[in-house]
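Below: the structure, in structure tokens.
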Amino acid sequence: MRTLCVTSGKGGVGKTTLSINLGIAIARTGRRVLMLDGDLGLANLNVMLGIIPKLTIHDVVRGHKTLSEIVMPTDYGIDLIAGASGIAELADLGESERQNVMRDLEGLSGYDFLIIDTGAGIGSNVVRFVLAADDALIVTTPHPTSLTDAYGIIKTVLAEESKPLKLLVNCATSASDAQRIASRLKGVTDKFMHGTLECIGHVPDDPLIEKSILAQKPHLLLNPRSASAQRINEAAMRLLKGSDGDLKSSLGRFLRKLLGR
């Protein structure tokens with residue numbers, strides 16, 4: 001199972017929407033995709049999909065259910081492990097609770113990709129997920145505060161470990177604007193930090209995406225011919241490059257790193 005962590009320095013940049021649509025694009029290639037809501041105290045994946053879960057990760061933390069028992073199939077070719085909105089204690093799991101959740105991952109089989117939609121910012125759970133995952137995707141927008149916060153998460157992660165990171169520029173006004181933003185972040189990453197930052201593409205600012213959010217339906221299904229949907233598909237294909245490896249050991253590495261072993 002290949003692990004992909006999608007994160008951002010700032011909230012409101014479209015991270016969850018992109019996570020869902022990237023997952024759907026990857027699933028359409030024949031891979032089995034499982035999505036985990038890593039924003040543990042403010043879950044949004046199920047809301048974006050218009051799903052009201054009967055069971056959430058809170059049931060796993062409390063020891064009432066295993067992860068395999070709360071996995072929900074969706075109508076979009078992806079499976080979902082829902083978070084638990086508004087349950088404050090989940091926002092900062094203790095070590096024993098985190099281990100309960102992550103050990104359950106070992107019991108899941110049959111998936112090619114685990115996509116983790118984290119919370120925004122540089123909290124300990126977010127950084128743990130990013131460091132443990134095979135691939136980490138940073139989402140930013142052209143807004144100055146978004147860029148500043150994206151730099152903050154990049155700096156925080158690379159201070160812990162020198163690892164390749166990926167970047168996706170959302171709500172871009174043009175391809176050249178996205179390239180300018182990517183070059184700026186890549187330049188400071190190369191100059192001041194030990195790591196690499198690869199831009200896998202951009203998604204243009206598109207009011208159709210907001211309409212799909214309000215409809216609680218994936219953008220790729222509602223507006224498949226839009227330029228933004230095409231750019232999301234292209235980004236997903238770039239994520240797939242080099243991802244076919246030893247999937248079983250990949251999950252093992254993820255769990256060992258997440259649990260600090």
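Scanning the range 174-196 for residues that are within 17 Å of L18 (Cβ to Cβ), surrounded by 14 or more Cβ atoms within 10 Å (Cβ to Cβ), small (G, A, S) and out of contact with any Cys (no Cβ under 8 Å at 6 or more places or on another chain) turns up nothing. When each of G152, G121, G201, G187 is tested for being under 20 Å from G11 (Cβ atoms) and more than 14 Å from the chain's Cα centre (by Cα), the lone residue that passes is G152.
If you filter the range 171-210 down to residues that are of a type in the set (S, T, N, Q) and outside any helix (DSSP H, G or I), you find that the one that is nearest to L49 (Cα to Cα) is T173. Of everything in the range 145-173 that is of a type in the set (A, V, I, L, M) and farther than 22 Å from N125 by Cβ, the residue that is surrounded by the fewest Cβ atoms within 10 Å (Cβ to Cβ) is L147. Within the range 207-225, being touching a helix residue (DSSP H, G or I) at 6+ places or on another chain (Cβ under 8 Å) and either more than 22 Å from V47 (Cβ to Cβ) or surrounded by fewer than 19 Cβ atoms within 10 Å (Cβ to Cβ) (or both) holds for L208, K211, I213, A215, Q216, L221, L222, N223. Can you confirm whether the range 197-206 contains a residue that is surrounded by 14 or more Cβ atoms within 10 Å (Cβ to Cβ), at pLDDT 90 or above and more than 26 Å from P218 (Cβ to Cβ)? Checked against the condition, which is being surrounded by 14 or more Cβ atoms within 10 Å (Cβ to Cβ), at pLDDT 90 or above and more than 26 Å from P218 (Cβ to Cβ), the range 197-206 yields at least one hit. In the range 112-144, of all residues being assigned to a strand (DSSP E or B) and among the acidic types (D, E), the one that is surrounded by the most Cβ atoms within 10 Å (Cβ to Cβ) corresponds to D117. The number of residues in the range 98-130 that are in contact with a helix residue (DSSP H, G or I) (Cβ under 6 Å, 6 or more places away or on another chain), of a type in the set (D, E) and at pLDDT below 80 comes to 1.
The values are calculated or read from the model by the stated rules, or taken from the named source; none is laboratory data. As the structure is a computational prediction, the values presented were derived from the model and not from experiment. We place every Cβ from the backbone using ideal geometry, glycine too, and count neighbours over all the protein chains shown.
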